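Participant: Structure incoming, see below.
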Amino acid sequence: MVSWLGYGNSAQVSIVLEDEETREKVPVLADEEPKETQHLFYDGESVTGKVNIKLKQEGKKLEHQGIRIEFLGLIEIYYDRGNHYEFVKLDKDLARPGDLSESCSFPFEFLKVVKQYESYSGRNVRLRYFLKVTICRRLVDIIHEKGLVVHQLSSYPETNSPLKMEVGIEDCLHIEFEYNRSKYHLNDVIVGKIYFILVRIKIKHMELSIIKRETTGSGPNTYNENEQISRFEIMDGAPVRGESIPIRLFLSAYDLTPTMKDVNKKFSVRYYLNLVLVDEEDRRYFKQQEITLWRKSPTSLKPENRGVAALENMRT
Amino acid sequence: VVSTQSTFFFKQWYQRRVLFFLSSGINAEYGSTLLYTNKFECVGREMADDRITQRLTPKDQTLAEAYDIPANFLEIDILNPETHGIGNKRYTDYEVRLKTNLPIFRIQECTVRRRYSDFEWLRGELEKESKIIVPALPGKALKRMLPFRGDDGIFEEEFIEERRQGIESFINKIAGHPLAQNEKCLHIFLTEAIIDKNYVPGKLRN
């Protein structure tokens, strides 16, 4: 049996990070819980702090079989309940079996923790990092968790060619679309154009949307969740050949994550631009094109933190 | 044609330009880290920000392209309903007039006469041969075909006009569908004086 939230009959556990005041907090989305914020970490950063154990009844001793803290990275697939995949597990013993006679505090240090993947909370799958303190006892363990958010940063890709393609239906509709890049960072702007080569259908309007596709499982058990993140009209009316329609789409307006390919071989999150032309009889002609999204290092990142992972890596 | 842009995005674009000027000085001060390939690349990228949202250069559109008759001209009118025969053996047919410049029709103007059952035949053929969801025809009006009615049943003017509108909307919807345009049955229906019900179904192009 397990007592969650550290509220045993006897003790209250809390975890306080060393730089809790100064570290940035980021909102976390999860299906069940209301929106909360958690501290943000990057790959290579150390996770240090204190575990505070407060005895509910001062004077009454707390017997235990050991106290430990773990740093865990977990992938949870919702439809596969009970099957959690731990891809990171670090632990430290805080106290050997014995008694706690008064409230106390244990410092902990996980140095230069490798956090390979970005935190993700989606329709069918969740990837999360958290610290877990366990006070082992004979009957009921006391457990307390504190979630963390991890962002994966990338630098400007070496190659980033525009996406340019001629598509259509033979004899009916030929267009050439162009998007200025194939890889966009999360605060980037998609600049593009649609050029009409042949228009033999009666077009009413044209729209562009961003589709997020979350893929979980493999083989016959593959689940694809498509979500339309945004949609807006880029053209109203009937174009003729030779017409060019501009596109300008600001990505910072939307709730996007970086593209994640085959995370721990468990899930993928990919993004597509969906160009849709609608004719007068509401028939839809569309073309989906994958784009790669990546997370740029924020300019607000303090220089001490920005270089932390890199400098620590360089020192070893 | 109108290229629609929300004013919200322009405001955000302007705000980002202002932010860039405030932060670019800070970027330049600190040394390079492994998070950037080098600091100059970082600053260089930020500098290009104000040019980042500029439109791509479009290809020029010639006057001919802009002012020519549109290449999607397709009109089918249903006109001049006529009732033929006498007594029980009467039937109504309609003039089906096609005007188009789509090359797949191989003919720019054409007129044929068709009756309701011909439309039913076309609908059946399209459901069988193509993968389209075929729109519905106006009703068969079986009640109107029963004897002992006070009015003229299916030969009432009002009913004929209602039916005319329904089949006009039907044929325009279907004739504009790129997959339906590929079916022989549609072309037979629109261009041949008499429908050969024993035709060989097929497509016009691959």
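Participant: Could you list, ordered by first residue, the pairs with Cβ atoms under 8 Å in which the first is in the stretch B:70-82 and under 16 Å from residue B:186 (Cβ atoms) and within 14 Å of chain A (Cβ to nearest Cβ) and the second is open to solvent by 60 Å² or more (accessible area, probe 1.4 Å) and part of a strand (DSSP E or B), at least 6 apart or interchain?
Facilitator: Here the result reads B:74/B:99; B:75/B:99; B:76/B:97; B:76/B:99, each pair linking the stretch B:70-82 to a residue that is open to solvent by 60 Å² or more (accessible area, probe 1.4 Å) and part of a strand (DSSP E or B).
Participant: Which residues, taken from the stretch B:84-108, are hydroxyl-bearing (Ser, Thr, Tyr) and within 14 Å of another protein chain (Cβ to nearest Cβ)? Talk me through it step by step, then tell me what you get.
Facilitator: From the stretch B:84-108, those hydroxyl-bearing (Ser, Thr, Tyr) are B:91-92, B:94, B:100; that's our starting set.
Selection gives B:100 alone.
Participant: Within the stretch A:212-255, restricting attention to residues that are hydrophobic (A, V, I, L, M, F, W, C) and open to solvent by 20 Å² or more (accessible area, probe 1.4 Å), which residue is farthest from the other protein chains (Cβ to nearest Cβ)?
Facilitator: Step one: list which residues in the stretch A:212-255 are hydrophobic (A, V, I, L, M, F, W, C), which gives A:229, A:232, A:234-235, A:238, A:240, A:245, A:247, A:249-251, A:253.
Still in the list and also open to solvent by 20 Å² or more (accessible area, probe 1.4 Å): A:229, A:232, A:238, A:240, A:253.
Values: A:229: 16, A:232: 7, A:238: 7, A:240: 6, A:253: 7 Å.
Among those residues, the one meeting the criterion is A:229.
Participant: Do we find that residue B:166 is assigned to a helix (DSSP H, G or I) and of a type in the set (Gly, Ala, Ser) in this structure?
Facilitator: Numbers: assigned to a helix (DSSP H, G or I): yes; of a type in the set (Gly, Ala, Ser): yes.
Against the criterion (assigned to a helix (DSSP H, G or I) and of a type in the set (Gly, Ala, Ser)), residue B:166 qualifies.
Participant: For the stretch A:248-260, does any single residue satisfy the condition of being of a type in the set (Gly, Ala, Ser) and within 18 Å of the chain's Cα centre (by Cα)?
Facilitator: In the first step, residues of the stretch A:248-260 are kept if they are of a type in the set (Gly, Ala, Ser); the result is A:252-253.
Filter once more, keeping what is within 18 Å of the chain's Cα centre (by Cα): A:252-253.
Yes, the stretch A:248-260 contains at least one residue that is of a type in the set (Gly, Ala, Ser) and within 18 Å of the chain's Cα centre (by Cα).
Participant: Could you list, ordered by first residue, the pairs with Cβ atoms under 8 Å in which the first is in the stretch A:181-197 and at the interface with another protein chain (Cβ under 9 Å from one of its Cβ atoms) and more than 18 Å from residue B:65 (Cα to Cα) and the second is open to solvent by less than 10 Å² (accessible area, probe 1.4 Å) and hydroxyl-bearing (Ser, Thr, Tyr), at least 6 apart or interchain?
Facilitator: Close Cβ pairs (under 8 Å, with a partner that is open to solvent by less than 10 Å² (accessible area, probe 1.4 Å) and hydroxyl-bearing (Ser, Thr, Tyr)) amount to A:189/B:53; A:191/A:179; A:191/B:53; A:192/A:179.
Participant: Another question, then. Tell me, which residue of the stretch A:136-160 that is within 12 Å of another protein chain (Cβ to nearest Cβ) and open to solvent by less than 60 Å² (accessible area, probe 1.4 Å) is nearest to residue A:67 (Cα to Cα)? Show your work before the answer.
Facilitator: Initial filter on the stretch A:136-160 (within 12 Å of another protein chain (Cβ to nearest Cβ)): A:151-158, A:160.
Now drop any that are not open to solvent by less than 60 Å² (accessible area, probe 1.4 Å), which leaves A:151-157, A:160.
On the way: A:151: 30, A:152: 31, A:153: 34, A:154: 37, A:155: 41, A:156: 44, A:157: 45, A:160: 50 Å.
Filtering the stretch A:136-160 for residues that are within 12 Å of another protein chain (Cβ to nearest Cβ) and open to solvent by less than 60 Å² (accessible area, probe 1.4 Å), the one nearest to residue A:67 (Cα to Cα) comes out as A:151.
Participant: Restricting attention to the stretch A:258-283, report how many residues are modelled with pLDDT of 95 or more and either among the aromatic types (Phe, Trp, Tyr) or out of contact with any strand residue (DSSP E or B) (no Cβ under 7 Å at 6 or more places or on another chain) (or both).
Facilitator: So the answer is 2.
Participant: Further question: For the stretch A:175-220, give me each residue that is under 33 Å from the mean Cα position of the chain (by Cα) and among the acidic types (Asp, Glu). Write out each step before concluding.
Facilitator: Of the residues in the stretch A:175-220, the ones under 33 Å from the mean Cα position of the chain (by Cα) are A:177-194, A:206-220.
Once the filter is applied, which keeps residues that are under 33 Å from the mean Cα position of the chain (by Cα) and among the acidic types (Asp, Glu), the stretch A:175-220 yields A:178, A:188, A:207, A:214.
Participant: Inspect the stretch B:131-152 for any residue being in contact with a strand residue (DSSP E or B) (Cβ under 8 Å, 6 or more places away or on another chain), under 23 Å from residue B:177 (Cβ atoms) and either open to solvent by less than 60 Å² (accessible area, probe 1.4 Å) or of a type in the set (Phe, Trp, Tyr) (or both) and give the result as yes or no.
Facilitator: Taking the stretch B:131-152 as the starting set, the residues that turn out to be in contact with a strand residue (DSSP E or B) (Cβ under 8 Å, 6 or more places away or on another chain) are none.
No, the stretch B:131-152 contains no residue that is in contact with a strand residue (DSSP E or B) (Cβ under 8 Å, 6 or more places away or on another chain), under 23 Å from residue B:177 (Cβ atoms) and either open to solvent by less than 60 Å² (accessible area, probe 1.4 Å) or of a type in the set (Phe, Trp, Tyr) (or both).
Participant: How many of the residues making up the stretch B:62-79 are surrounded by fewer than 11 Cβ atoms within 10 Å (Cβ to Cβ) and of a type in the set (Gly, Ala, Ser)?
Facilitator: 1
Participant: Which condition from (1) within 23 Å of residue B:72 (Cα to Cα); (2) within 14 Å of another protein chain (Cβ to nearest Cβ); (3) open to solvent by less than 40 Å² (accessible area, probe 1.4 Å) is the one that residue A:200 breaks?
Facilitator: Every listed condition holds for residue A:200 apart from (3).
Residue-wise test of (1) small (Gly, Ala, Ser); (2) outside any strand (DSSP E or B).
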residue: A:90; (1), (2): no, no
residue: A:105; (1), (2): yes, no
residue: A:116; (1), (2): no, yes
residue: A:126; (1), (2): no, no
residue: A:129; (1), (2): no, no
residue: A:138; (1), (2): no, yes
residue: A:147; (1), (2): yes, no
residue: A:164; (1), (2): no, no
residue: A:174; (1), (2): no, no
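Participant: Which residues, counting only those in the stretch A:74-88, are without any contact (Cβ under 8 Å) to a residue 60 or more places away in the chain, open to solvent by less than 70 Å² (accessible area, probe 1.4 Å) and within 17 Å of the chain's Cα centre (by Cα)?
Facilitator: Within the stretch A:74-88, A:74, A:76, A:78, A:88 meet the criteria.
Participant: Mind listing whichever residues of the stretch A:161-171 are open to solvent by 50 Å² or more (accessible area, probe 1.4 Å) and away from chain B (no Cβ under 11 Å)?
Facilitator: A:161, A:165, A:166 - these are the residues of the stretch A:161-171 that are open to solvent by 50 Å² or more (accessible area, probe 1.4 Å) and away from chain B (no Cβ under 11 Å).
The values are calculated or read from the model by the stated rules, or taken from the named source; none is laboratory data. Small disclaimer: the values here were computed from a predicted structure and weren't measured. Neighbour counts run over all protein chains shown; Cβ positions are idealised from the backbone, glycine included. Protein only, heavy atoms only, side chains kept; ligands, DNA and RNA dropped before computing areas. Shrake-Rupley method; radii C 1.70, N 1.55, O 1.52, S 1.80 Å.
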